[in-house]
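Can you keep this structure in mind? I'll have questions shortly.
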Amino acid sequence: MTTFESISFTPPVVDPATFGFAPCEGGVCSALGIKASGTHAGFRADPNRLDLAVVASYKACTCAATFTTNRFCAAPVQISRERAASGVARAVMLNSGNANASTGDQGLAVARESARLLAKALECPEEQVLVASTGVIGQQQAIDPYVDGAAAAVAALGSDEAHAHAAARAVMTTDTVPKEVSLEGTLPCAEGEKPRTVHVGGFCKGSGMIMPNMATMLCVLTTDAPLTAAAAKAALQAAVRASFNKVTVDSDTSTNDSCFLLATGAAGGEPINEGTPAFDAIAGAIRVACETLARKIAADGEGATKLVTVDVLGCKTDEDADTVARSIANSPLVKTAIFGHDANWGRVAAAAGKCGVEFDQYDVDIDLLGVPVLRAGIPVPMDEEDMLRRFEGPEVSIVIDLGQGDASTRIWTCDFSHEYIVINGDYRT
């Protein structure tokens, strides 16, 4: 029997050490000059469930943001998109339990008033407050929870890991776990300059309605690096393209997707601009943070039992690679086969072949769980018992090489289980 080597693919970013960073404690509060809180304001009936998060800088700081491209974008998205364009912000306030989407002028008024209430409590201009919401679409959001909740959230602000964790919990909907990240590193410096230790932290929420075309459902990132507004925007957009835009749970894009970056500059030193070694390092760390959170979203997909990584190689263009990867990652037949521990590579081949990208089937190689299953379009015999054992792990890898060019991409997704139907069948009830 002919023996085939498995297909190797090394993604462009995997290790924070590449940029001089390492994991640290602190979550979104790991960045100097940041404080956070998670409280119960009344968006949810359960008084023990946190539903309002605030992340604030001690003073106005640089900000950047990306938002959903869904035309049914929520009221807070509309407000925050306008304000983030200034490149300056003091705080982000996020609620769970109500999306404030498809709520018309009344929803816009509530979003603006909620920001005004937080600004009053923080004693800052309301234009410096960004807002975000997540939850059920189409239900009017009452202002009542904000009336006392905004002030209570500000009173509860703190800068330690416990406060960061509370904020991450407050934005959860069908998430089963909070999703946090924090990194610490030393930036490259010119001769004679003092080395600067900086941090990147953050949290996100996302479990269903995940195939963003900008970021994830809700995410707040922070850094104490002194990024300029242009540098912060460039770093965030590049990170989002390579991470959150490469996640899909169910092929649906939320009405509320928002990703914020606050850069306090509290680490000190000269402002960091694009095209410098310091920018490359901090931008790389932001990308690593986003990739870490993106993987956590896929692993925590609604009802998921497996994190699935789909690597597509050998394409003519990046667009072709992305199209093929999404076709495979979003295929219900692929996702259910993975849940059933069925090494059905034929579903992978079919998903690749249906998406409109041109290739010759006899140029295609496929690996499943690190095992060659197709070479030059012809099946490779596999040991079914060995494959079943490989399915026992928490992650599943799919690699397909179309043999057409040098373009490649990586997408993260998850399997479909019975629980996905249960969660989404009674989401409103």
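List pairs: first in the stretch 32-45 and under 13 Å from Ala151 (Cα atoms) and open to solvent by less than 50 Å² (accessible area, probe 1.4 Å), second of a type outside the set (S, T, N, Q) and assigned to a loop (DSSP other than H, G, I, E, B), Cβ under 6 Å, 6+ apart or cross-chain?
Here the result reads Ser37/Ala156; Ser37/Leu157; Gly38/Leu50; Thr39/Ala156; Ala41/Asp51, each pair linking the stretch 32-45 to a residue that is of a type outside the set (S, T, N, Q) and assigned to a loop (DSSP other than H, G, I, E, B).
What's the total number of residues in the stretch 105-128 that are open to solvent by less than 50 Å² (accessible area, probe 1.4 Å) and free of Cβ contacts under 8 Å to residues at least 40 places away in the same chain?
Result for the stretch 105-128: 9.
Here's a follow-up. Take the stretch 192-229 and flag every residue that is of a type in the set (S, T, N, Q), over 18 Å from Val131 (Cβ atoms) and either at pLDDT below 90 or not in a loop (DSSP other than H, G, I, E, B) (or both).
Thr197, Ser207, Asn213, Thr223
Something else: Condition test on Thr134, is it within 17 Å of the chain's Cα centre (by Cα), open to solvent by 30 Å² or more (accessible area, probe 1.4 Å) and on the phi < 0 side of the Ramachandran plot?
For Thr134, the condition - within 17 Å of the chain's Cα centre (by Cα), open to solvent by 30 Å² or more (accessible area, probe 1.4 Å) and on the phi < 0 side of the Ramachandran plot - is not met.
Looking only at residues that are of a type outside the set (Phe, Trp, Tyr) and not in a strand (DSSP E or B) in the stretch 361-378, which one is nearest to Asp300 (Cα to Cα)?
It comes out as Leu369.
When the stretch 73-120 is examined, which residues are found to be outside any helix (DSSP H, G or I) and either of a type in the set (S, T, N, Q) or over 25 Å from the mean Cα position of the chain (by Cα) (or both)?
Of everything in the stretch 73-120, those that are outside any helix (DSSP H, G or I) and either of a type in the set (S, T, N, Q) or over 25 Å from the mean Cα position of the chain (by Cα) (or both) turn out to be Ser86, Asn95, Ser96, Asn98, Asn100, Ser102, Thr103.
Would you mind stating whether Pro381 is more than 17 Å from Val334 (Cβ to Cβ) and not in a loop (DSSP other than H, G, I, E, B)?
no
Next up: Mind listing whichever residues of the stretch 243-272 are over 26 Å from Pro332 (Cβ atoms), open to solvent by 10 Å² or more (accessible area, probe 1.4 Å) and of a type in the set (Gly, Ala, Ser)?
Answer for the stretch 243-272, where residues must be over 26 Å from Pro332 (Cβ atoms), open to solvent by 10 Å² or more (accessible area, probe 1.4 Å) and of a type in the set (Gly, Ala, Ser): Gly265, Ala266, Ala267, Gly268, Gly269.
Also, I was wondering about something else. Looking at the stretch 411-422 only, could you name the residues that are surrounded by 18 or more Cβ atoms within 10 Å (Cβ to Cβ) and either of a type in the set (Asp, Glu) or part of a strand (DSSP E or B) (or both)?
Of everything in the stretch 411-422, those that are surrounded by 18 or more Cβ atoms within 10 Å (Cβ to Cβ) and either of a type in the set (Asp, Glu) or part of a strand (DSSP E or B) (or both) turn out to be Ile411, Trp412, Thr413, Cys414, Asp415.
Keeping to the stretch 328-375, report how many residues are basic (Lys, Arg), surrounded by fewer than 19 Cβ atoms within 10 Å (Cβ to Cβ) and touching a residue at least 60 places away in the same chain (Cβ under 8 Å).
The qualifying residues number 1.
Shifting gears a bit: What pairs come out if I take residues in the stretch 158-169 that are assigned to a helix (DSSP H, G or I) and pair them with residues that are open to solvent by less than 70 Å² (accessible area, probe 1.4 Å) and among the hydroxyl-bearing types (Ser, Thr, Tyr) whose C-beta lies under 6 Å away, six or more apart or interchain?
Taking only residues 6 or more apart or on different chains, the pairs are His163/Ser37.
Does the stretch 273-286 contain at least one residue that is under 15 Å from the mean Cα position of the chain (by Cα) and either buried (at least 20 other Cβ atoms within 10 Å of the Cβ) or among the basic types (Lys, Arg) (or both)?
Yes, that holds for at least one residue.
Could you tell me how many of the residues in the stretch 160-187 are out of contact with any strand residue (DSSP E or B) (no Cβ under 8 Å at 6 or more places or on another chain) and open to solvent by 60 Å² or more (accessible area, probe 1.4 Å)?
So the count comes out to 5.
Right, here's the next one. Does the stretch 392-404 hold any residues that are open to solvent by less than 50 Å² (accessible area, probe 1.4 Å) and either within 17 Å of Leu307 (Cβ to Cβ) or modelled with pLDDT under 95 (or both), and which are they?
Gly393, Val396, Ser397, Ile398, Val399
Which members of the stretch 97-132 meet the condition of being modelled with pLDDT of 95 or more and hydroxyl-bearing (Ser, Thr, Tyr)?
Correct list: Ser114 only.
Looking at Ala294 and the list (1) within 30 Å of Pro188 (Cβ to Cβ); (2) open to solvent by less than 40 Å² (accessible area, probe 1.4 Å); (3) at pLDDT 90 or above, which single condition is not satisfied?
Just one mismatch for Ala294, condition (3).
Now for a separate question. If we keep just the residues of the stretch 405-429 that are of a type in the set (D, E, K, R) and under 16 Å from Val310 (Cβ atoms), which is modelled with the lowest pLDDT?
The extreme case among them is Asp415.
Is it the case, given these coordinates, that Ala17 is small (Gly, Ala, Ser), part of a helix (DSSP H, G or I) and without any contact (Cβ under 8 Å) to a residue 24 or more places away in the chain?
yes
In addition: Name the residues in the stretch 391-410 that are in a strand (DSSP E or B), under 16 Å from Lys335 (Cα atoms) and of a type in the set (Gly, Ala, Ser), would you?
Ser397
Name the residue, out of Ser80, Ser96, Ser86, that is open to solvent by 10 Å² or more (accessible area, probe 1.4 Å) and in contact (Cβ under 8 Å) with a residue 40 or more places away in the chain.
Testing whether each residue is open to solvent by 10 Å² or more (accessible area, probe 1.4 Å) and in contact (Cβ under 8 Å) with a residue 40 or more places away in the chain leaves just Ser86.
The values are calculated or read from the model by the stated rules, or taken from the named source; none is laboratory data. This structure is a prediction, so every number in the text was calculated from the model and none was measured. In this analysis, Cβ positions are derived from the backbone assuming ideal geometry, glycine residues included, and neighbour counts consider all displayed protein chains. What goes into the accessible areas is simple: the full protein's heavy atoms, side chains included, and nothing from ligands, DNA or RNA. Shrake-Rupley method; radii C 1.70, N 1.55, O 1.52, S 1.80 Å.
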